[in-house]
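Please treat every number below as a calculation from the coordinates, not as lab data. Just so we're clear, the structure is a prediction, and the values are computed from it rather than from any experiment. In this analysis, Cβ positions are derived from the backbone assuming ideal geometry, glycine residues included, and neighbour counts consider all displayed protein chains.
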Amino acid sequence: MATFDMSKLPRTIDGGKWNTGHVQGITVDTAHEYIYFSFTTKLIKTDMQGNVVGTVTGLLGHLGCIDFNDEDGKVYGSLELKHDSIGQGIMKKLGVQIAEEDSFYIAIFDVDKIDRMDMDAEKDGIMTAVYLPEVVEDYGAKGKDGKDHRYACSGIDGMAFGPVFGAPADSASMLMVAYGVYGDNDRTDNDNNVILQFDWRKFTDVAKPLAQGEPHHSGLHSDFRYFLPTGNTTWGIQNLEYDAFTGDWLAAVYVGKKPEYPNYPMYMIDGRKPAVMAELKGLDGEWGLTIALRQAGAYHKESGIWGWTFPKGQTGIYALGNGYYYVSHNGRTPEPEKWQTSVVHLYRYTGNVPELLELVED
C-alpha cells in the first residue's frame, strides 16, 4: 500500500448524489489516488477531490462492501442476486427481473478501464465474477432447528484483504468474505458472524464475465470457514476492514436487538490470534473454527463480548495506514429529490473507550 502525506489528505470527500440504493462501501487506491464508492447498483470512481472519473452501471443485484487489492490493482466487491426483501426492493427500483435462482459472487472490477460515465458491467469488459457455491448452499439450506437459511445466512456483504488470522502481518494476503446474517430474535443460530477465507490468486482460473439473466456457476469453495461470536447483529458484518496499524480487523454492523447482548455497532477481530476449534453458540453442539474478538474497548460482562460504540462504518470504512481512516457518512438530498449521498470524513485512531476513532478537523 502506498502511503499518503497525512497533512495533505482531504478532510472530506464528497462522493456525489445518485438515484440508487444507499452507499454500501468505500475503498481507496492510494498509489493512484482514486476513491471508489459502492452505491448498491452502481460503482463510482472519483479522484481525491471528489471529481467523478467514471461509473459502472448495469448491476441488477446488491453490490456491497468493496476493497481495493493493492497486489493486482483491482476492486473486489460482494455481489448478491437474490429474491428476499432486499432483492425484491432492488428489482422494483430498477424495474427488472433477475434469474429465478439465488446467486452470490465476488465481483472483480478492472478499474483502470473505468474512464467515463455509465459503463456497463456486463458489456464493457470491466467486470468478472467468481461464483460462491458454499454461500448458495447455506442460503438455501435449513438449519438444525428447521429454520430457513443455515447459519441465518442472508448472503454476503463485508469483505477485505489481509493476512490469515494469527499469521504474521507481512504474510500473504487472503480475501475474507463475511456472510450477511438475518437478525431475527426468535432464532439462536444468528449469534455468530461467519467469515469465509479465499486465496484470491485462485480466482484467475474461475472468474468469468457475468450475464445476470443467466448467472454462471464458475467458482470455488472457501479454504476455511470461521465463526465470530459477536452476539446478534442485524444483517451481519456490513463492512470488514483489515487495519495494518493495529494488526486487527474492524467489523462494522447494524446493531442487533437481543437484550442479552451488548449490541455494539463495531467489533474488532484480534488479528494476532489464530482460529481454534470450539463449540458454537446457538448451534446445538456444532463445532467450528472460531476467531477471537480483541479484548479492548467496552466489555459486556454478562456475555463476555468486547466491542466499540463508534457509530459509523456500516456504509464504508477504509484504513489508510498510520492510524488514519476514511469513513463514509451516508445521507440523502432534500425532498422531493431524496437521492443517495456519501461524504467521506477523515478519522484518526485513539483507542479510547468506547468510541475508538475521532474526527480529524484540524
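What does the C-alpha gyration tensor say about the overall shape of region 82-193? Classify as rounded when a/c is under 1.5, otherwise prolate if a/b is larger than b/c, or oblate. Judged from the Cα gyration tensor, region 82-193 comes out oblate (a/c at least 1.5, b/c at or above a/b).
What you get for region 153-285, charging only the Cβ of Lys and Arg (+1) and of Asp and Glu (-1), is a dipole of about 100 debye around the Cα centre. The alpha-carbon atoms of region 34-106, seen along their principal axes, cover 38, 25, 16 angstrom, with the largest extent given first.
Give the calculated FRET efficiency between Asp184 and Lys8 to the nearest 0.05, with a Förster radius of 45 Å applied to their Cβ-Cβ distance.
Efficiency, rounded to the nearest 0.05: 0.45.
In the chain, a dipole from Cβ-located charges (positive for Lys and Arg, negative for Asp and Glu) runs towards its positive end, and of Tyr254, Ala211, Ile317 it is Tyr254 whose Cα lies farthest in that direction.
Net length available on complete extension from Ala172 to Asp120 is 15.5 nm, with 0.36 nm assigned per residue and the Cα-Cα distance removed.
Note on the chain: with a GNM built from Cα contacts shorter than 10 Å, the maximum mean-square fluctuation among Tyr299, Tyr151, Tyr325 falls on Tyr299.
Taking only the C-alpha atoms of region 233-362, Rg followed by Dmax gives 16.3, 53 Å. The length gained by stretching the chain between Glu33 and Asp84 to full extension, at 0.36 nm per residue less their Cα-Cα distance, is 14.7 nm. Full extension of the segment from Met277 to Asp223, taken as 0.36 nm per residue of separation minus the current Cα-Cα distance, would add 17.9 nm. Computed about the Cα centre, the dipole magnitude for the chain is approximately 520 debye when only Lys and Arg (+1) and Asp and Glu (-1) carry charge, each at its Cβ.
Taking amide H positions as modeled 1.01 Å from N, with prolines and chain starts lacking one, the residues under 5 Å from Thr290 and 5 or more places away or on another chain are Phe227, Val276, Met277, Ala278. Can you tell which of Gln88, Asn69, Ile98 lies farthest toward the positive end of the dipole of region 69-129, using +1 and -1 charges on the Cβ of basic and acidic side chains (Lys, Arg; Asp, Glu)? Result: Gln88.
Rounded if a/c is under 1.5, else prolate if a/b is larger than b/c, else oblate: which is region 262-307, with a ≥ b ≥ c the root eigenvalues of its Cα gyration tensor?
It comes out oblate by the Cα gyration axes.
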